[in-house]
Amino acid sequence: MAKKTSSNPAGECKFFVKSSVKEFKNAILWHLERSLARSSVRATPRDWWLATALAVRDEIIGRFISTMSRQYDSNAKRVYYLSLEYLMGRLTEDTLTNSGLLDVARGALKELDLDFDAIMKSEVDMGLGNGGLGRLAACFQDSLATLDYPAVGYGILYEFGLFTQSFDGGRQIESPDNWLKFGSPWDIVRPEYTVKVGIGGRVEGTMSSTGDWSPHWIPAGELLGVPWDVPVVGYGAGTVNFLRLWESRATNELDLNAFNNGGYTQAVHQKAMSETISKVLYPNDKTENGKILRLMQQYFFVTCSLQDIIRRFKKLNGNNWDVFAEKVAIQLNDTHPAIAIPELMRLFVDVEGLGWDRSWEICTHVFAYTNHTLLPEALEKWAVPFFEKLLPRHLQIIYEINARWLRHVESIYGADSDKIAHLSIIEEGSPKMVRMAYLSVVGSHSVNGVAALHSQLLKESVLRDFYQITPEKFNNKTNGITPRRWLKTANEGLADLITQTLKSDTWPKNLDELKDLEKFADDFDFQKKYMKIKRDNKVRLAKIVKDLCGVELDPDAIFDVQIKRLHEYKRQHLNLLYILTLYRRLLHNPDADISPRAFIFGAKAAPGYDLAKNIIWAINTVANVINNDPRIKGKLKVAFIPNYNVSLAMDIIPAADVSEQISTAGKEASGTGTMTLALNGAITIGTLDGANVEILEEVGQDNIFIFGLNVDDVQKLKAEGYNPRNWYDANPNLKAVLDWLVSDYFMPGNTSAFEPLRKSLLDWGDQFMVCADYQSYCDAQDELGEAYKDKARWAKMAILNTARMSKFSSDRTIEEYAQDIWHLEKLPPRAK
Ligand code: 26Q
């Protein structure tokens, strides 16, 4: 039995924050009156949420301050996580969980006659991210604080997060997510750390007293970066780190100059331009080349963060640059912050007056780069003329980095022009492009992928030439998810059952303890309790689905869930083809003995991604027909939940029976939804792609449904010349459902509605091999449907999935980063 309280002090669950229900209730009432000027009689649910948030903020602020002074006093090394996205979701409930105040707050609100869950729903999601990459950054912050690592997450305080999605006639409509409209109790402004940011202009040079040419940048304009800190409370509240998010503002000087010259409107325009930079998150989760504002966002938050890091460093270490890499580790979350490499060079060489070689030595010791994609078309590139206009000095520095790098390449391969062209940071063409991934590899000491398969494929494909020259840089860090949010907060029923069964409450910090659940996998009593919790969660989700989609779900049906961004490579349309197949089968034989199914989707499409939007429309249209067809007696339901976000994920995941992870093999770098779902007892149906490979290793082949082509098969089939028409002609079911989709049946009078979807498969090459995987997917789905009929078998599978997910705690991932890449020491709080 895992009861680690005495042998594992780090796992001890003593919370640093303490408060009684009565004290907490009084604090809420105090804030309601003093901070919000509200009487309890007139308070709205939002007022109550805000007062509760302020009360918990008071409780953690002491820990926040003591963490900062401890990190400062010890002059410890810190890791700085640079990410353009943080998909945090709601903060209050998770902060309550991590500070140990959840029961206290629940009790306090109950004494006030309020429904805790309803009050918590007043908080708007902090949706400053697109999907997996942004959510990973959020999970990492939670783990860093929980494990007592000194860390700061840097990013942008977007005024508008990812767009809000609704449906009109089944089609996606986007509207702005004005999440900050009424402010947030979790953002603390730090005006004293405001920094200046230059933009545009030209490079001038002066000859130094020693006869060296020293270039410097004369920017054409300047703006300000104002930092807002969001506290990140570790589980147990021993360490409270923070996210520092930058807001762009116009400088007063700029306004005044233009104003004095009579250019009032110009002044206002410039102010608006400056403040546009942090206005909105780009809604693409694959690179969209060519948006200059995006490059400005990247540079803006990178220079703000680096200036902040250098300020902090100097305060403690003066100009002792020799120790910089002993105090600072910087992780680049994809190439989005890669401009940090030339920017740190500029700050060292031009501003601090360090020589090039010494600066480069420090830089390459400080930076590490995480890659999140294998799709070559998604690798970020910026046109050289853009750089020239926006960041002329950085362009020079990139050219210098490249020249030195290519000299190194030449020293290995000789004057092999092919090799040099392949490895150059600058891609020839018109216009020339800066390859940000190459810049990141050259400027970092570590390059990692996010799942074992992905890291392997990186070495074999997109970064092969780099791997050959510097194999020691390449490593894997399989992603993880925080069990605090994704089990303890999201699935309280299951969390309580685990605590009771293991007779231990330390598992949220030590997920390996879950392995001890294995011995209950066959225990009838435990199975019953486990499946009762699942059913309760399904009842709750069914209510949400009814409210949001108007669709009635049967809690005894299989809840089959696909929640992720909408992408052809993720193949939501393969799922749709199976739904059509089942529907047809039922129409042919309404009494067919199939397990009733509820297919549940959540997915946003990038606003400019037409085919993704066509797939959404198709799913909604088919859903509408199926849900209203009395002939199939409710055996099949399809619900597309609008505006999928972190909060909805927390409602959906605990209620899922089946997790759809059906990307084309070799395309999904990792996938993290797959981990949250399996932890909550959903059985994966998936391809051998990304993290699925490692999930299979952990749960064993009896507890997962694997189907389809693997990476080798995909490559082979491509090489042979894949022709989707052959698969269509050879498979009557596939043919039937694809033809059905464009018939009058689903969209009377508009048979061309889903032509793009059909054509993408039959006429445009079926790039993601939907046709090739169709039959094998249907077979796996049918097998899964059969397996569900055996309740004991299903319960065992679900329990074993929960028990065997410990590898995928983001604590494990962060420990690996800390040891292998950052060489970072923990700084635990002083004893209480
Ligand atoms: C870049 C330039 C311009 C505009 C947008 C972008 C952009 C923005 C976001 C490009 C990519 C993203 C996000 C990518 C992402 O979420 N990738 C996912 O990362 C997860 C965490 O590692 C993996 O689990 C997923 O497999 C991967 O798709």
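The values are calculated or read from the model by the stated rules, or taken from the named source; none is laboratory data. Everything numeric in this text was worked out from a predicted model, so none of it was measured. We place every Cβ from the backbone using ideal geometry, glycine too, and count neighbours over all the protein chains shown. In case anyone asks, the SASA skips ligands and DNA or RNA and just uses the protein heavy atoms, side chains included. Shrake-Rupley method; radii C 1.70, N 1.55, O 1.52, S 1.80 Å.
Quick notes
- Check on Val302, within 16 Å of the ligand (Cβ to nearest atom), at pLDDT 95 or above, open to solvent by 50 Å² or more (accessible area, probe 1.4 Å) and under 33 Å from the mean Cα position of the chain (by Cα): no
- Residue within the stretch 602-614 that is farther than 26 Å from Asn130 by Cα and either open to solvent by less than 10 Å² (accessible area, probe 1.4 Å) or of a type outside the set (A, V, I, L, M) (or both) present: no
- The stretch 356-381 - residue that is aromatic (Phe, Trp, Tyr) and touching a residue at least 60 places away in the same chain (Cβ under 8 Å) and, of those, nearest to the ligand (Cβ to nearest atom): Tyr369
- Test: residue in the stretch 165-185 that is over 27 Å from the mean Cα position of the chain (by Cα) and surrounded by 14 or more Cβ atoms within 10 Å (Cβ to Cβ): no
Conditions tested, residue by residue: (1) touching a Gly at 6+ places or on another chain (Cβ under 6 Å); (2) open to solvent by 10 Å² or more (accessible area, probe 1.4 Å); (3) touching a residue at least 60 places away in the same chain (Cβ under 8 Å).
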{"position": "Asp465", "(1), (2), (3)": "no, yes, no"}
{"position": "Thr470", "(1), (2), (3)": "no, yes, no"}
{"position": "Asn476", "(1), (2), (3)": "yes, yes, no"}
{"position": "Leu494", "(1), (2), (3)": "no, no, yes"}
{"position": "Thr499", "(1), (2), (3)": "no, yes, no"}
{"position": "Lys503", "(1), (2), (3)": "no, yes, yes"}
{"position": "Thr506", "(1), (2), (3)": "yes, no, yes"}
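- Filtered by the rule that a residue be within 26 Å of Asn510 (Cα to Cα), within 16 Å of the ligand (Cβ to nearest atom) and among the aliphatic types (A, V, I, L, M), the stretch 454-499 gives a lone residue, Ile481.
- The stretch 523-558, residues that are surrounded by fewer than 17 Cβ atoms within 10 Å (Cβ to Cβ) and of a type in the set (Phe, Trp, Tyr): Phe524
- Test result for Lys419, more than 16 Å from the ligand (Cβ to nearest atom) and either more than 19 Å from Glu343 (Cα to Cα) or open to solvent by 10 Å² or more (accessible area, probe 1.4 Å) (or both): yes
- Total residues in the stretch 193-210, condition part of a strand (DSSP E or B) and either open to solvent by less than 70 Å² (accessible area, probe 1.4 Å) or hydrophobic (A, V, I, L, M, F, W, C) (or both): 8
- Where Ala490 falls short, out of the listed (1) surrounded by fewer than 18 Cβ atoms within 10 Å (Cβ to Cβ); (2) touching a residue at least 12 places away in the same chain (Cβ under 8 Å): (1)
- Among the residues making up the stretch 138-182, those that are of a type in the set (Phe, Trp, Tyr) and closer than 29 Å to Gly236 by Cα are Phe140, Tyr149, Tyr154, Trp179.
- The residues on offer are Lys432, Lys515, and the sole one that is of a type in the set (D, E, K, R), under 29 Å from the mean Cα position of the chain (by Cα) and either farther than 26 Å from Asn703 by Cα or modelled with pLDDT of 95 or more (or both) is Lys515.
- Selection from the stretch 325-343 of residues that are surrounded by 24 or more Cβ atoms within 10 Å (Cβ to Cβ), out of contact with any Ser or Thr (no Cβ under 9 Å at 6 or more places or on another chain) and assigned to a helix (DSSP H, G or I): Pro342
Yes/no per residue for (1) under 21 Å from Thr287 (Cα atoms); (2) among the hydrophobic types (A, V, I, L, M, F, W, C):
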{"residue": "Glu352", "(1), (2)": "no, no"}
{"residue": "Lys381", "(1), (2)": "yes, no"}
{"residue": "Tyr413", "(1), (2)": "no, no"}
{"residue": "Ser417", "(1), (2)": "no, no"}
{"residue": "Ala421", "(1), (2)": "no, yes"}
{"residue": "Met433", "(1), (2)": "yes, yes"}
{"residue": "Val442", "(1), (2)": "yes, yes"}
{"residue": "Val447", "(1), (2)": "yes, yes"}
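- Of the residues Gly785, Gly765, the single one that is part of a loop (DSSP other than H, G, I, E, B) and of a type in the set (Gly, Ala, Ser) is Gly765.
- Within the set Gly155, Gly131, Gly221, the sole residue that is open to solvent by 10 Å² or more (accessible area, probe 1.4 Å), within 16 Å of the ligand (Cβ to nearest atom) and small (Gly, Ala, Ser) turns out to be Gly131.
- Among the residues of the stretch 213-231, those identified as farther than 30 Å from Arg90 by Cα and touching a residue at least 12 places away in the same chain (Cβ under 8 Å) are Ser214, Pro215, His216, Trp217, Ile218, Pro219, Ala220, Gly221, Glu222, Leu223.
- Some residue of the stretch 281-304 being among the polar types (S, T, N, Q) and over 27 Å from Lys389 (Cβ atoms): no
Table: residues versus (1) surrounded by fewer than 23 Cβ atoms within 10 Å (Cβ to Cβ); (2) more than 16 Å from the ligand (Cβ to nearest atom); (3) of a type outside the set (S, T, N, Q).
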site: Gly62; (1), (2), (3): yes, yes, yes
site: Tyr81; (1), (2), (3): no, no, yes
site: Glu85; (1), (2), (3): no, no, yes
site: Asp94; (1), (2), (3): no, yes, yes
site: Ala105; (1), (2), (3): no, yes, yes
site: Asp113; (1), (2), (3): yes, yes, yes
site: Phe116; (1), (2), (3): yes, yes, yes
site: Cys139; (1), (2), (3): no, no, yes
site: Asp142; (1), (2), (3): no, no, yes
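- If you check Gly443, Gly449 for being under 25 Å from the mean Cα position of the chain (by Cα), under 23 Å from Gln331 (Cα atoms) and more than 16 Å from the ligand (Cβ to nearest atom), only one passes: Gly443.
- For beta carbons closer than 7 Å, sequence separation of 6+ or different chains, a first residue in the stretch 413-439 that is acidic (Asp, Glu) and a second that is surrounded by 14 or more Cβ atoms within 10 Å (Cβ to Cβ), the qualifying pairs are Glu427/Lys381; Glu427/Met433; Glu427/Arg435.
Conditions (1) within 16 Å of the ligand (Cβ to nearest atom); (2) open to solvent by 10 Å² or more (accessible area, probe 1.4 Å); (3) not charged (D, E, K, R), marked per residue:
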| residue | (1), (2), (3) |
| --- | --- |
| Ser66 | no, yes, yes |
| Arg70 | no, yes, no |
| Gly100 | no, yes, yes |
| Ala108 | no, no, yes |
| Met120 | no, no, yes |
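- Every condition in (1) buried (at least 17 other Cβ atoms within 10 Å of the Cβ); (2) in contact with a Ser or Thr (Cβ under 8 Å, 6 or more places away or on another chain) is met by Asp512 except one, and the failing one is (1).
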